[in-house]
1. Over the Cα atoms of segment 214-595, how large are the radius of gyration and the largest Cα-Cα distance (Dmax), in Å?
2. Tell me, what does the Kirkwood hydrodynamic radius of segment 280-358 come to in angstroms if you use every pair of distinct C-alpha atoms?
3. For a paramagnetic label modelled at 7 Å from the Cα of Ala136 toward its Cβ, which residues of segment 503-538 fall within the zone defined by backbone nitrogen distances under 18 Å?
4. Test of understanding: ordering Val411, Val128 by Cβ neighbours within 10 Å, fewest first, what list do you get?
5. If you count, for each residue, the other Cβ atoms within 10 Å and average over each peptide, how do 370-376, 49-55 line up from highest to lowest?
6. If each residue of separation counts as 0.36 nm, what is the full-extension length gain between Ser416 and Ile106 once their alpha-carbon separation is subtracted?
7. Any idea what diffusion coefficient segment 296-412 gets from Stokes-Einstein, in µm²/s, Kirkwood Rh on alpha carbon pairs, 20 °C, 1.002 mPa s?
8. How far apart, in nm, are two points set 7 Å out from the Cα along the Cα-to-Cβ line at Ser423 and at Val536?
Amino acid sequence: MKLGYLYTSTIVSLLFAGGNALTKSAKAAKKTLEKAIDAISPATTFPNLPEECRGVVPNMLGEFRFFGFRLQGVPAANQSNLANWTEGLLDGAGNYLGGPREIGGIEWVPWVDGPYYVLAINSPAGLVRRFCTFDAKDYRTSVCTGMDARDETATETLYVTETDEDCNAMSFSIITTKAWTKDDTEIANMFVDNVEGVRTGFEFPKTPAEVDYPRRKVASFQGKVNYKWNSRGKYMEEKYIQKGKYNPAVNVITGIKIKPGVLANPEATVIFLAVPRWFGGVPSTLNKITVDLTSEGPFEDPVLEPFPSWDMQEVGNCDKIQYVQSMEIDNDGNMWVIDSGRLNVFATPDNTCPPKLLIIDTETGELVDEPYIFPNAVAPYDETFLNDIALDNRNGGVAYISDMFTPGLIVYRRASRTSDKFSNISMFAEQGLNWQFREEDLGDNAFAVDTNGVTLSPNGEHLYYTTLQGLTLYSVSTAALINNDADWADNIVNHGNRTGFTDGMTMDCEGNLYHSDLNNGAIYSWNITSPDEPSVSGKFVAGNDDDMWWTDTYAWDDAGYLWVTANFLPTVFGASDSTVPPKTQQFEQMNIFRISTAAAAGYQAGDCST
């Protein structure tokens, strides 16, 4: 039986990435390979699903036996001979060099979360993982990515070929491709696997705690974000609503940071969350929740506990916390909180309180330093919007803060308690760009906002920044900013375009910069040592059409995992969908994800040497 032309051409295109650079012999090998794949590959067919299972994500949880063929690469000099591909090739000593071979074994699916699942393959190298995502168009096709035994990226396409009446996947086909080329002209080695899998059980012989989830939804808020009220509970909530001090429609979580201690005690993981006071009706702007990462989850609608206390959330009292968009935690466990001061910035602004920076001990909730009030010349009291923060634990402690309304970067030096503002044309929104949200075209310039995401290189020598409406990624020398050099702007570097708009950004200790693609509900990474711009050499990390819209702010835990909030922000500003009437302001949902990135460590406080 033959593999369809669509799949054949796709596989061969992947293997011969050299394109026009291929030699004449390699082009001949390409044609021969097409015939070889058709000659040995079983057909990939889609089932006639039970009516009740159409448009439903099939249950993959369980154990499967797989069997099929591996089409192994052959030396370049022998690639144009079809028999070498389909019948095999031996050297003079009888050693196998290439061609088809039968393969088989056991695969497990130990974890399922909606359209996501983990495929665990029993291999000689151990338990090889793949993180799989179903295509929302048919829920039959999924793409699985992970690392192979060579510690290299591997990608598989899995097709569910049969389900039972309960929508359990009963069989599947998998196509795996991998190729190594020599000077982009000859195939040095390659293989194509085409296997069939049949369910042999519904259990996985490991406990959930023994499985490393690549993407896990830790918590989910549906309809509203609520708080841990005082002893009067529901009565206090109702009073806040009646007085306009609590409006669930506009309580949206943006910033996230993880308290140190996850590695030692995952059962009591503390997550700090910011709820900005964009509009009136936000009772607490800095909060925390505690979750048990060893349990299944996700935790549905956890209540926020004001941090460090209810007393510190008093609106209009400039000695208290007024408006938090984001924060960061240093290597001593102290949280650096940027308080914009201004309230209701997207309604009728209240400029009573000045912008300030607070440093709070995450263990005790006590202030570590006296609050630092930014000078009006640095952060204008009636205009500023302090948005994001990157923190360097060295040089006595330095914070780099983006200002979204008076475009620029603010540098705060803890040792001298001084600050400066730096502005450049690169910090202004790029005009005329189009925004999308799910199936809705939001039009051009829907979020034409300036300086936004900031993050530091692992050595702390460069600050990377971007605008919310903009695709260009820039960096600047931190030494030039710390020293307030007159020619600081001469150190700005344009790194080219990213894949999509982003709100926050972050960096790991291997120099991988993580950013969002807000129009498509996705996250990408790009290594800062790459000679190519991010849109060319960037890598897909995670994404979903259902629950990862507007990935806002990133964080790391001390176990090396990346965290991110997804808050569906356009719904709060009037974007329409199936449940929210057009232009009606209403919080819809917010999700918190924990993602394994395979990086050695996360970059939380500007010091990857510790």
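1. Calculated on Cα positions, Rg and Dmax stand at 19.4, 60 Å.
2. Numbers: mean 1/r = 0.0708 Å⁻¹.
Hydrodynamic radius (Kirkwood, Cα only) of segment 280-358 equals 14.1 Å.
3. The answer is 516-524.
4. Values: Val411 23, Val128 17.
Ranked by crowding around the Cβ, least crowded first: Val128, Val411.
5. Details: 370-376: 16.3, 49-55: 13.3.
Packing order, densest peptide first, comes out as 370-376, 49-55.
6. Numbers: separation 310, 0.36 × 310 = 111.60 nm, distance 6.15 nm.
Length gained between Ser416 and Ile106: 105.4 nm.
7. Numbers: Rh = 15.1 Å.
D = 142 µm²/s.
8. Rounded to a tenth, the inter-label distance reads 3.4 nm.
Values in this text are rule-based calculations from the coordinates and carry no lab data. These numbers were taken from a predicted model, which means no experiment stands behind them. All Cβ positions, glycine included, derive from the backbone under ideal geometry; neighbour counts span all protein chains shown.
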